[in-house]
Amino acid sequence: MLSPPFDYSLLMPGQIRFGWGARRHVGSLAATLGRRVFLLSGSRALTERGVIAELVDELDRAGLPVITAMAAAGEPVVGEVDRLTQSWRDAGAGPGDCLLAVGGGSALDLGKAVAALLPQPARLSVRDYLEGVGTGAQLTADPLPLIAMPTTSGTGSEATKNAVISSYEPPFKKSLRSDRMVPRIALVDPELTVSVSPTITAHTGMDAITQCLESYITRKATPIPQALALQGLKLALPALGPVVQDGTLRPEREALAHAALLSGIALANSGLGLAHGVAAALGIQAKVPHGLACAVMLVPALHSNLAVAESPLAELARELLPRTPGSDHGAASALIEHLTALCAELGIPTRLRELGVARDQLPALVPASHGNSLSGNPRAVSDDELRDLLESLW
Ligand code: NAD
């Protein structure tokens, strides 16, 4: 039996409103946070399906003026964060206003970063605040209050304290992170995820599963996040295959959205591991979408951690699989086999070259994999070992 340290604190959104159609509560919820709403939308599909117009109507009915912006395609970069911050500053965004970010993890992270930067007295670039590449600048003022509405079921960013921001020149993918950045309200309406394509459903779903697994076995694991991660896995593992086949399945869409939310709470409080460390590097060096990168790295990362994480993986296996071998090693291995089969069913590639990674990019992936995620891995991974692992996966 695993004994996590019974000495911890727990961060969560101030309020979670979850439910099919829960978007209709946006007006009453936003009215508790501000007099005016700066709305960031992250996907054209949402505009085309009338979701953004519906949200604006709800806010209107609550008497809240709305200023809208649309995120650029792709994962957010430094220049986009700085430009939107400046544009909303010019529009007078400040105390008394709130933000609403609607979209996948990319839009939520852009919204979280802008909400954090807007009230800072020092008008710095977001880059100054980023871990590892910044100037060490710290947020001295609380972010503007934010409602985060996820429309993919993957990142759990609606419940986390960081925003992942990229740059291609120079290349990095790093977080702006502060306990103050957990969204005030996570408004999760799984109905919004029905329009997500099968491929993005598979990739984002694997991100949530990877977050639950890595936060469960991380060296920073604590009891409540572990309970949530287990629940997330119980929901997501049986739901993902069917919902990739038929994206309209309501119970499965609900299960995945809930699993993603739980994975976010878990990772915000426990951290992650090797799969997410390498995923960040693959994202920036080879532009591999985040969920796909996590999906490809999950099984190799678990194999790499098996010797030190056998006991918690066996514990998960006994909860998640109908039949497991008696020994910890056998049970943990059965769980890895189950995940391998799920990845195969979803058509997840197993080779880095299938992701468009060139062999001469492998050396650059090694330093780029180090950061907050890798620091939580159950065991230290040396550069030589990382190089060998990437080479073997290429
Ligand atoms: P994404 O936000 O980039 O979205 C993927 C694609 O799905 C986009 O083309 C988007 O337009 C589309 N999309 C979104 N919602 C849709 C909908 N309802 N219908 C149809 N299409 C829709 O992908 P993601 O995986 O959700 O987010 C990835 C980003 O989140 C990465 O930058 C990753 O690093 C970051 N991330 C952040 C955290 C955190 O805690 N802050 C955690 C994990 C990952």
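Annotations for the structure displayed:
- Only helices enter this figure: runs of n ≥ 4 DSSP H residues, each worth -39500 (n - 2.57), summed and divided by the residues of the chain, yield -16000 deg cm²/dmol at 222 nm to the nearest 500.
- The 3J(HN,Hα) values that the Karplus relation (6.51, -1.76, 1.60; θ = phi - 60°) gives for the range 15-23 are, in residue order, 8, 10, 10, 10, x, 4, x, 4, 4 Hz. Gly and Pro appear as x.
- Among Gly376, Gly96, Gly104, residue whose mean-square fluctuation peaks in a GNM of the chain (springs only between Cα atoms under 10 Å): Gly96
- Packing, as the average of other Cβ atoms within 10 Å across residues, places the peptides 260-271, 288-299 in the order 260-271, 288-299, highest first.
- The mean accessible area for residues of the range 137-291, using a 1.4 Å probe and ignoring ligands and nucleic acids, is 28 Å² per residue.
- Each Lys or Arg adds one and each Asp or Glu takes one away; over the other residues whose Cβ falls under 15 Å from the Cβ of Leu298, this sums to -3.
- Shape of the range 317-394, Cα gyration tensor, a/c cut at 1.5: oblate
- For Phe172, the amide hydrogen comes within under 5 Å of the amide hydrogens of Ser167, counting only partners 5 or more places away or on other chains and with H modelled in the peptide plane.
- Within the chain, percent of DSSP bridges classed antiparallel, to nearest 5: 25
- Gyration tensor (alpha-carbon) shape descriptor, the range 131-201, a/c threshold 1.5: oblate
- Taking amide hydrogens as placed 1.01 Å from N in the peptide plane, the amide H of Leu146 sits under 5 Å from those of Leu99, Arg184, Ile185, each at least 5 positions away in sequence or on another chain.
- For Thr151, the residues whose amide H sits under 5 Å from its own are Gly103, Gly104, ignoring neighbours fewer than 5 places away on the same chain, with H placed 1.01 Å from N.
- Over the range 272-354: Rg over Rh, Cα atoms, Kirkwood Rh: 1.02
- Derived scalar couplings between HN and Hα for the range 372-384 equal 4, 4, 4, 5, x, 4, x, 9, 5, 10, 6, 4, 4 Hz in order, rounded to whole Hz, by the Karplus curve 6.51 cos²θ - 1.76 cosθ + 1.60 (θ = phi - 60°), x for Gly and Pro.
- Most fluctuating residue given options Ala279, Ala116, Ala358, as computed from a GNM of the chain linking Cα atoms under 10 Å: Ala358
- Based on C-alpha pairs under 8 angstrom that are at least 6 apart in sequence, the chain has a relative contact order of 16 percent.
- For the range 33-83, the fraction of alpha-carbon pairs lying more than 18 Å apart is 39 percent, rounded to a whole number.
- Karplus 3J(HN,Hα) series, Hz, for the range 321-330 with 6.51 cos²θ - 1.76 cosθ + 1.60 (x for Gly, Pro): 9, x, 9, 9, x, x, 6, 4, 4, x
- Hits among lysines - C-alpha to C-alpha of Lys174 under 29 Å, sequence gap 8 or more where chains match: Lys112, Lys161, Lys220, Lys287
- Which of Thr222, Leu10, Val381, positive extreme of dipole for the chain (C-beta unit charges): Leu10
- Peptide packing: for 149-157, 228-236, the average count of neighbouring Cβ atoms within 10 Å per residue gives the ranking 149-157, 228-236, highest mean first.
- Highest-MSF residue in the chain out of Leu108, Leu100, Leu33 [GNM, Cα springs under 10 Å]: Leu33
- Summed side-chain charge close to Ala148 - residues other than Ala148 whose Cβ falls under 9 Å, Lys, Arg +1, Asp, Glu -1: +1
- Local electrostatic count at Phe18 - Lys and Arg +1, Asp and Glu -1, tallied over other residues with Cβ under 11 Å: -2
- The range 71-199: relative contact order in percent, alpha carbon pairs under 8 Å with at least 6 residues between: 27
- Low-density loop positions, trypsin sites (Lys or Arg not before Pro), the range 40-109 - DSSP coil, at most 10 other Cβ in 10 Å: none
- Ranked by the mean number of other Cβ atoms within 10 Å per residue, highest first, peptides 200-209, 138-147 order as 200-209, 138-147.
- Classification of the chain by its C-alpha gyration tensor yields a prolate form. The axis ratio a/c (a ≥ b ≥ c) is 1.5 or more, and a/b outweighs b/c.
The values are calculated or read from the model by the stated rules, or taken from the named source; none is laboratory data. Treat the numbers as computed from the prediction; the structure is a model and nothing was measured. So basically every Cβ, Gly included, is an ideal-geometry build from the backbone, and we count neighbours across all protein chains shown. Keep in mind that these areas ignore ligands, DNA and RNA; they rest on the heavy atoms of the full protein, side chains included. Shrake-Rupley method; radii C 1.70, N 1.55, O 1.52, S 1.80 Å.
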